[in-house]
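Q: Take this structure first; my questions come after.
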Amino acid sequence: MTKVRTQTGSFAYAKYQLRRSILENALETDYTTEDYEAALEFFGGCAFCGAKQAPRKDHLVPVIQCGDFIRCNVVPACQKCDDSKGQKEYHEWMRNSNSRCSLKGRGFTDERVQDRIKLIEKWQSGYRPMTEAELFGEDYARYQEILQKMEQLCEEAKRMTGRVRSRNGKPGADEVFVSPSSKNTKSNADRVRRFIISRYVVPARKRGEKTVTVRAGDVHAQMLFRGQHANVCQAMRGDRFLNLANVKLKSFRGPRAGANAYFTYQL
């Protein structure tokens, strides 16, 4: 039976969740039922695609980017749009995403996409989120200190669980669970996403870098795969990875599915 470590079981997710929780509690949160109903009437349903069933309330500027839970930053969204957009900036997602549930993937023309963008911009007009430094003010240094302590605690916990698993004869949390020859491409894709986050994205953020470049061939070799460059590249460019890692694909060069495919992500 194939084992798959869940997103919520990762230390990277624990650190992300703490930061998000702090921001959620510090940001403005005065969104009301009346605000939601007004937005439904303004957009005719989902702000992004216009679907009549739009039960979700989506931040235009995500919480993790200091987006407040207030009228001009929250819009009604259908399940497809909300899941596909994730944490991505809505202009970029609406115009460029080609995933199955994106607007382009559902057959929206460029003109139709632009019309929906104009509506959203009108709703959002005048809103500018604060930076973390502006939000926390004199407590900004303390906020950074708390995040650093969480980083240290997670590293200690990772070392401890590694020792526990080693004593019990089990693979470490960062080791491969599935055979490299496995045809379970969905499980392999999940492992690729988690591997890149833990090996590349998290360390780059810790160093304070704004971008990180990952070569598909390096990931392929480090994970002991054989002949799976296409699957690695697909996982690296997919919306699911971008949402999970909270990154944007800034640039790409090289073959679409080969060892020398380089992905540069904006952190």
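Coordinate-derived values only; no laboratory data. Keep in mind the model is a prediction, meaning the values are calculated, not measured. Heads up, the Cβs are rebuilt from the backbone with ideal geometry, glycines too, and the neighbour counts pull from every protein chain shown.
Q: HN-Hα J couplings of segment 26-38 from phi, Karplus 6.51/-1.76/1.60, θ = phi - 60°, integer Hz, Gly and Pro as x?
A: 3J(HN,Hα) across segment 26-38, in whole Hz: 8, 7, 6, 9, 10, 5, 10, 4, 5, 5, 4, 5, 5.
Q: Would you mind getting me the FRET efficiency between Phe42 and Thr131? Use the beta-carbon distance for r and R0 = 25 Å, nearest 0.05.
A: Efficiency computed from Cβ-Cβ geometry: 0.30.
Q: Neighbour counts of other C-beta atoms within 10 Å: give me Cys78, Cys101 arranged from fewest to most.
A: Cys101, Cys78
Q: Moving to a separate point now. Go through Lys104/Lys206; Lys15/Lys104; Lys104/Lys210 and tell me which ones have a Cα-Cα distance over 30 Å in this structure.
A: Lys104/Lys206; Lys15/Lys104
Q: Now for a different question. Using a basic spin-label model with each label point 7 Å from the Cα along Cα→Cβ, how many nm lie between Arg226 and Glu209?
A: 3.1
Q: Taking the square root of 5 times each eigenvalue of the Cα gyration tensor, what semi-axes in Å does the equivalent ellipsoid of segment 31-130 have, largest first?
A: They are 20, 15, 12 Å, listed largest first.
Q: Taking H placed 1.01 Å from N in the peptide plane, check which residues at least 5 places from Glu28 or on another chain put their amide H under 5 Å from its amide H.
A: It is Phe69, by chain and number.
Q: Can you tell me which aspartates and glutamates have their Cα less than 15 Å from the Cα of Lys158? Leave out same-chain residues fewer than eight positions away.
A: Here the aspartates and glutamates satisfying the reach criterion relative to Lys158 are Asp174, Glu175.
Q: Show me 238-247, 255-264, 153-162, 38-47 ranked by packing, highest mean number of other Cβ atoms within 10 Å first.
A: Result, highest mean first: 238-247, 38-47, 255-264, 153-162.
Q: Let me ask something else about it. Would you mind classifying segment 177-267 by shape? Square roots of the alpha carbon gyration tensor eigenvalues, ordered a ≥ b ≥ c; an a/c under 1.5 is rounded, otherwise it is prolate if a/b is larger than b/c and oblate if not.
A: prolate
Q: Next question. Each label point is 7 Å from the Cα along the Cα-to-Cβ direction; what then is the distance between the points at Lys118 and Asn98, in nm?
A: Result: 2.7 nm between the two label points.
Q: Using the Karplus curve 6.51 cos²θ - 1.76 cosθ + 1.60 with θ = phi - 60°, what ³J(HN,Hα) values do you get for each residue of segment 101-115, in whole Hz, with x for Gly and Pro?
A: Whole-Hz 3J(HN,Hα) from phi for segment 101-115: 9, 6, 5, 4, x, 9, x, 5, 7, 4, 5, 5, 4, 5, 4.
Q: Set Lys and Arg Cβ to +1 and Asp and Glu Cβ to -1, take the dipole of the chain about its Cα centre, and tell me which of Trp93, Ala38, Ser125 lies farthest positive.
A: It is Trp93, whose Cα lies furthest towards the positive end.
Q: Now a separate question. Please give the charge dipole size of the chain, origin at the Cα centre, charges +1 on K and R Cβ atoms and -1 on D and E Cβ atoms. Round to the nearest 20 debye.
A: The dipole magnitude comes to about 1800 debye.
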